[in-house]
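Bear in mind that the values in this text are calculations on the coordinates, not laboratory data. These numbers come from a predicted model, not from an experiment. Don't worry about glycine lacking a Cβ; one is built from the backbone with ideal geometry, like all the others, and counts go over all protein chains shown.
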Amino acid sequence: MGYAMAAAKPGGSEVLHKITLGDLTPAAGEVLIKHDAVGINFLDIYIRNGAYPWPVDGDLILGSEGAGIIEAVGSDVKGLVVGDRVGYTLANGAYASHRVIDAAYVVKLPDNVPSDLAASIMLKGLTVAYLIHDSYAVKPGDTVLFHAAAGGVGLIAGQWLKALGATTIGTAGGAEKCALAKANGFDHVIDYTSTDFEAEVMRLTNGEGVTVAYDSVGNDTMARTITSTKRRGTIIAFGQSSGPYADFKITDLSKGSYYLSRPTLFHFVGDRSWLDAASAKLFKAVTDGTINVSINQRFALEDVAKAHEALTGRATTGCTILTV
């Protein structure tokens, strides 16, 4: 019988507990996946701790990306059959041995993309895809600031941005994380624990600022991220690992006639044509060597609370997955 790791209410990692899954039968348009691996992300923590609205009454199964094998197919599903290896990203429901999911969010995995790799890149890799191709189309010669450069999204972004011909400036905490980011494509890496990143960005850009800045940190960085961006530059806010930035005023943008966007991955993956094209682009990048993905932490699904503690304690680098 299948099981899942759920939370009954918002709170710390202690709210996570094991529940038994009942009979799982896909309805029309759905498939049943037996997970091999599940990704873990800060999004899961935002939801668990109540930073985002709690979407259900009672137990909520967290987790937003996974990969495995289709065990059953509902009616009206086209292009997917029992035995197919697949991956997906969709908010909540992935911390489970099995999952019934709308087939519209599921993509087949190429033979040379194993399940653990897919589980580590469906959310993070597709996040990078919409950030650098859709939210702002990075081109050769652009100067880019990317916070949390040693995290799962950051390490993918550093490599992909390098392939696009951008000049990249990353931030990370501590010498080890800075070295890791530098080894994954970033031209310059600033240790935010010992250096004022805004001052260093302005020095590196001869006082001009960056073309585009990507900020998933939020409260600790956003004010200086804005002022590290050149006049008429673009700021993409896509997370809040240090908490939401509460002091923003629309007039802040007038300081440099900035463009500001707050995109969400799930507004992209709901567009099937985008999902197919972006997944194909991502899989090509990881199989042709443009992007090398490091799965640096593995936890058993039942040990997900420990994984959350490692992530919030900034004790992780690269990607973290749960094995089923």
For Val210, enumerate residues with amide H under 5 Å from its amide H, sequence gap 5+ or separate chain, H modeled in the peptide plane.
Thr229, Lys230
Whichever lysines have a C-alpha closer than 20 Å to that of Lys306, once near sequence neighbours (fewer than 8 apart) are set aside
Lys9, Lys18
Amide H of Leu109: which non-local residues (sequence gap of 5 or more, or other chain) have their own amide H closer than 5 Å, using H built in the peptide plane?
Arg85, Val86, Gly87
Filtered hits (aspartates and glutamates, Cα-Cα < 15 Å from Lys281, offset >= 8 within chain) -> Asp134
For the range 41-58 and the range 254-304, what is the separation of their Cα centres, given in Å?
20
What list of ³J(HN,Hα) values in whole Hz, one per residue of the range 264-277 in order, does the Karplus curve 6.51 cos²θ - 1.76 cosθ + 1.60 (θ = phi - 60°) give from phi, with Gly and Pro shown as x?
10, 3, 6, 6, 8, 5, x, 9, 4, 5, 5, 4, 5, 5
Residue by residue through the range 140-148, what is 3J(HN,Hα) from phi via Karplus (6.51 cos²θ - 1.76 cosθ + 1.60, θ = phi - 60°)? Round to whole Hz and write x for glycine and proline.
x, x, 5, 9, 10, 9, 9, 7, 6
Beyond 13 Å, how much of the Cα-Cα pair distribution for the range 109-157 remains, as a whole percent?
64
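Dividing the alpha-carbon radius of gyration of the chain by 2.2 N^0.38 Å (N being the number of residues), what value is obtained?
Details: Rg = 19.6 Å, N = 324, 2.2 N^0.38 = 19.8 Å.
Against the compact-globule rule of thumb, the ratio is 0.99.
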Quick query: amide H of His98 versus all other amide H atoms, modeled in the peptide plane; which residues come in under 5 Å with a sequence gap of 5 or more or a different chain?
Tyr3, His35
For the range 140-261, the Kirkwood Rh over every pair of distinct alpha carbons, in Å, works out to 14.0
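Taking 8 Å as the Cα distance limit and 6 or more residues as the minimum spacing, I'd like the relative contact order of the chain as a percentage. Don't jump to the answer; show the numbers that get you there.
On the way: 724 pairs, mean separation 56.3, N = 324.
Reported as a whole number, the value is 17 percent.
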Give the Rg (one decimal place) followed by the Dmax (whole number) of the range 1-104, computed from C-alpha coordinates and expressed in Å.
13.8, 41
Those lysines that a straight Cα-Cα span of less than 28 Å connects to Lys255, excepting residues fewer than 8 apart in one chain:
Lys139, Lys230
Note, ³J(HN,Hα) from phi for the range 62-77, Karplus 6.51, -1.76, 1.60, rounded to Hz, x at Gly and Pro
7, x, 10, 7, x, 8, x, 10, 6, 9, 7, 10, x, 5, 6, 8
Unit-weight point scatterers at every alpha-carbon of the range 73-130, Debye formula, q = 0.16, 0.26, 0.29 1/Å: log10 I(q)/I(0) is -0.53, -1.32, -1.46
What's the ranking of 167-174, 53-60, 14-21 by average number of surrounding C-beta atoms within 10 Å, highest first?
167-174, 14-21, 53-60
